[in-house]
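First the structure, in the form of structure tokens, and then the observations on it.
The values are calculated or read from the model by the stated rules, or taken from the named source; none is laboratory data. From a predicted model like this one, the values you see are computed outputs, not experimental measurements. Positions of Cβ are backbone-derived with ideal geometry, glycine not excepted, and every protein chain shown enters the neighbour counts. Heads up: the accessible areas ignore ligands, DNA and RNA and are worked out on the full protein's heavy atoms, side chains in. Shrake-Rupley method; radii C 1.70, N 1.55, O 1.52, S 1.80 Å.
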Amino acid sequence: MTALLEVRDLTVHFPVERDLADVLVRAPHRVVRAVNGVSFTLEKGQTLGLVGESGCGKSTLGRAILRLTEATSGDVIFDGQSVLDLKGDDLLAFRRRAQMVFQDPHASMNPKLTVGQTLAEVLRVHRLCPKDEIDARVRELVTHAGLTPDLIDRKPAGLSGGQCQRVGIARALAVNPDLIIADESVSALDVSIQAQILNLFMALRRELDLTMVFISHDLSVVRHMCQMVAVMYLGQIVEYGPSEDVFNNPQHPYTQALITAIPVMDADAGLAQDLPKGEPPSPMQLPAGCPFHPRCPHVMPVCESDPPPPSHQVDAQAVRCHLHAPNAAASRAAE
Ligand code: SF4
């Protein structure tokens, strides 16, 4: 298989604006460390689920890959080409091949434009079809996304959340992309509509041989949809591997806690356990050592001082944890 997307040591830090009080007390400049050295490779046609608690940096990572947020350092290689320095026509060409479907379907559309105008604008900006073929292409896109053509003249206010999200998907498909990043694209919808939109994503992926990154806090959805999964905690990928391996045999303590916390539908199975104690620390004040150590049930002395190396291969997974380092036994002995 060929790698379509390669993310190398990607970092996104945002400076926090200082208010008057900060200036008066000469408080140090603060930085939100949203993404901290993320690396992974995605093969053409694969679907990757990016999971983690809210605020772990998954949306920022998705936006940085697509150049909707500027990265601080690292690189994104798309189909063999570095994209972080692209400008002008080269950047437009990249945007034709890599699209995002956003979380809030209404907020991601211009309220003044009809469905038809929204899609026609994309076709015009990217010069994707002759002027006299735009109407036909718009009808084709609307139908492809599971909408009836009578909705073409409606504005977002006249659409349900599910219809609006289908327009968002049609807009992404308008450019014939190779990669789609779907950022919590069903979380704002009713449960019955969520299933329809997820089925649409799966059908389109098969039909168009799309490569997808599916950002979600819902592990059940990711297990159902994705071949690969990356678990993020405080801006780092802590476990990466094939979904079946990660879900059946999680190696990182945080992944184990997340999977234990998946709601159990079988009443006889009892309630799912809570996530690890406490809240994740602020991305402005990352703990020393392993960022998960204040919440980790397996914390060792080394975890409080030394960051774990980026990844150890454990079975099919890459895991960022001292437990899996070659000298883990010695560290545990020192407890
Ligand atoms: Fe827990 Fe230590 Fe592994 Fe971090 S490195 S997850 S604190 S065992």
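Worth pointing out:
- Each Cα pair under 8 Å and six or more residues apart adds its separation to the average, and for the chain the resulting relative contact order is 19 percent.
- For the chain, the Kirkwood hydrodynamic radius from C-alpha pairs, put into Stokes-Einstein at 25 °C and a viscosity of 0.890 mPa s, yields a diffusion coefficient of 114 µm² per second.
- The separation of segment 17-90 from segment 179-213, counted between C-alpha centres, amounts to 23 Å.
- Residues listed by number, segment 306-322, amide nitrogen under 16 Å from Asp9 label point at 7 Å toward C-beta: 309-311
- Peptide packing for 32-38, 248-254 was compared via the average number of neighbouring C-beta atoms within 10 Å per residue; ordered from the highest value, the list is 32-38, 248-254.
- Each principal axis of the Cα cloud of segment 1-86 was taken in turn, and the coordinate range along them, longest first, works out to 57, 30, 18 Å.
- A 1.4 Å probe run over the protein chains yields, for the chain, 49 Å² of accessible area per residue, whole-number rounding.
- Burial order of peptide ranges 190-203, 106-119 (average beta-carbon count within 10 Å, highest first): 106-119, 190-203
- Degrees between helix 134-144 axis and first principal axis of the chain (Cα, 0 to 90, nearest 10): 50
- For the listed peptides 230-243, 293-306, 46-59, a ranking on the average number of other beta carbons within 10 Å per residue, highest first, reads 230-243, 46-59, 293-306.
- Label sites at Glu70 and Gln285, each approximated as a point 7 angstrom past Cα along Cα to Cβ, lie 2.9 nm apart.
- Residue (of Gly146, Met212, Asn36) at the positive-pole extreme of the chain, dipole from beta-carbon charges: Gly146
- Nearest-ten-degree value, helix 191-208 long axis tilted from longest Cα axis of the chain: 80
- For the chain, the carbon plus sulfur part of the accessible surface works out to 51%, probe radius 1.4 Å.
- Cα-based helix-to-principal-axis angle, 88-97 vs the chain, degrees rounded to 10: 90
- Computed per residue of the chain from DSSP H runs no shorter than four, each worth -39500 (n - 2.57), the mean residue ellipticity at 222 nm is -9000 deg cm²/dmol.
- DSSP-defined antiparallel bridges as percent of all bridges, the chain, nearest 5: 60
- Residue-count net charge about Val191 - beta-carbon cut-off 15 Å; Lys, Arg +1, Asp, Glu -1: -3
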